[in-house]
Amino acid sequence: MDPAAVASRKVVIDAGAAIKLQRLERFGGEIYTTSNVVNEIRDEHARALLGTLPMELRIREPQSRDIAYVKQFAKLTGDLGTLSQNDIELMALTVGLHRENGGEALRD
């Protein structure tokens, strides 16, 4: 993939990706997560490694309307009961970033 295209991508990560600290810069130029995901990372070594990322880890909370959208969609697909609060918040953050960056409207 074109390096400029990668640099312009926004990536939302969960605790597993943050703990493993794989080369996240290969996926995008801006890395986002929620405060609940950061709080889930209890291992001191893994927390310290977050500071070594080649870019800032942006902590951001999803908007309530995006959480409601994700919950409604997951309810329709039958997945709501299997999703954790962190899962819902990460998907909602992704929906919000998609909308903010001019992504196509998501279906209801």
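The values are calculated or read from the model by the stated rules, or taken from the named source; none is laboratory data. Note that this is a predicted model, so its numbers are computed, not measured. Counting neighbours? That spans all protein chains shown, and the Cβs are built from the backbone with ideal geometry, glycine included. Only protein heavy atoms, including side chains, enter the accessible area calculation; ligands, DNA and RNA are left aside. Shrake-Rupley method; radii C 1.70, N 1.55, O 1.52, S 1.80 Å.
Is it the case, given these coordinates, that Ala48 is within 21 Å of Gly103 (Cβ to Cβ), more than 16 Å from the chain's Cα centre (by Cα) and among the aliphatic types (A, V, I, L, M)?
No; evaluated as a whole, the condition is false for this residue.
Scan Arg42, Arg58, Arg26 and give me the residue that is basic (Lys, Arg) and at pLDDT 85 or above. Step through it out loud before you land on a result.
Working: Arg42 fails: at pLDDT 85 or above; Arg26 fails: at pLDDT 85 or above.
Answer to the check: Arg58.
Every residue, every condition in (1) assigned to a loop (DSSP other than H, G, I, E, B); (2) out of contact with any strand residue (DSSP E or B) (no Cβ under 8 Å at 6 or more places or on another chain); (3) open to solvent by 70 Å² or more (accessible area, probe 1.4 Å), yes or no:
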site: Val37; (1), (2), (3): no, yes, no
site: Arg47; (1), (2), (3): no, yes, yes
site: Thr52; (1), (2), (3): yes, yes, yes
site: Met55; (1), (2), (3): yes, no, no
site: Glu61; (1), (2), (3): yes, yes, yes
site: Phe73; (1), (2), (3): no, yes, no
site: Gly81; (1), (2), (3): no, yes, yes
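Can you find even one residue in the range 10-21 that is part of a helix (DSSP H, G or I) and touching a residue at least 60 places away in the same chain (Cβ under 8 Å)?
yes
Considering (1) in contact (Cβ under 8 Å) with a residue 60 or more places away in the chain; (2) in a loop (DSSP other than H, G, I, E, B), say which one Leu97 fails and leave the rest.
Result: Leu97 fails condition (2) only.
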